[in-house]
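Let me begin by presenting the structure, written as C-alpha cells, before commenting on it.
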C-alpha cells in the first residue's frame, strides 16, 4: 500500500534483521532493552514457520524499514469471534508525524474487518502519554479495569512442573 512518502507491505523472511532492529529500538524507547532477548531465528520461526504464530507489516521509505506492526490472532469467547492483538507498533522517532502510525492501524483495522475479527487490542505502558493521546485520537478506549497478568521464567516452569 502506497502512501505519500512511504509504503506498507507485509514482512518477508529477508526482513528479519530490520524487524529485529525495530523491536530493539522499541525496547530502548520503552526502557526495556534489558528484556529484549529475541533473535532473528526466533522471529523467523514465529513469523514464517508452519504454522506462523505472528504476522508483521513494515512501513518503508526509500528502501528503509521505518515502522513496524507485529500482531497475532486471539479469540473472544464473549463475541465468539477472533481478534487481532497488536503486540508491537513502532515508528522511528525521526519519522513520526507523517501518518505512519495511523496508516499501520488502518491496515490492521481493515484486515480485522476483512477477516471477521471483532476487536483490535493492544497494551500501552501507562507512562507513554504521547502514545495514549494518539490512541484516543484514533478512537481507542482504555480498559482501565483490566490488568495484564504474566507467568514467565522460573514461575512458568514451577507451575508447569
**Message:** At 0.36 nm per residue, and after removing the present C-alpha to C-alpha distance, how many nm does the segment from residue 143 to residue 40 gain when stretched out fully?
**Reply:** 33.8 nm
**Request:** Take residue 17, project a point 7 Å from its Cα along the Cβ direction, then tell me which residues of the stretch 56-83 have their backbone nitrogen under 14 Å from it.
**Result:** 64-65
**Message:** Given a 10 angstrom Cα cut-off, can you work out which residue in 90, 134, 72 is the most mobile in a GNM of the chain?
**Reply:** 134
**Prompt:** Say we join alpha carbon atoms closer than 10 Å with springs in a Gaussian network model of the chain; which of 118, 18, 103 then has the biggest fluctuation?
**Reply:** 118
**Request:** Quick one: work out the % antiparallel among DSSP beta bridges in the chain, nearest 5.
**Result:** 85 percent
**Message:** Output needed: percent of Cα pairs per 10 Å distance bin for the stretch 2-160, bins running from 0 to the one holding the longest distance.
**Reply:** 9, 36, 40, 14, 1, 0
**Request:** Evaluate the Debye formula for the stretch 1-84 with equal point scatterers sitting on the alpha carbons, no solvent, and hand back log10 of I(q)/I(0) at q = 0.15, 0.16, 0.20, 0.24 Å⁻¹, in q order, two decimals.
**Result:** -0.64, -0.71, -0.98, -1.16
**Request:** Output the relative contact order of the stretch 2-160, whole-number percent, from Cα pairs under 8 angstrom with separation of 6+ residues.
**Result:** 17 percent
**Message:** Using a 7 Å offset from the Cα along the Cα-to-Cβ direction at both residue 95 and residue 81, what is the distance between the two label points in nm, to one decimal?
**Reply:** 3.1 nm
**Item:** Fluctuation leader among 86, 16, 32 - the chain, Gaussian network, Cα springs under 10 angstrom
**Value:** 32
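Taken together, the values in this text are just the output of simple stated rules run on the coordinates, not laboratory data. On a predicted model such as this, the values are computed, not experimentally measured, just so you know. Glycine also receives a Cβ, built like all others from the backbone with ideal geometry; neighbour counts cover every protein chain displayed.
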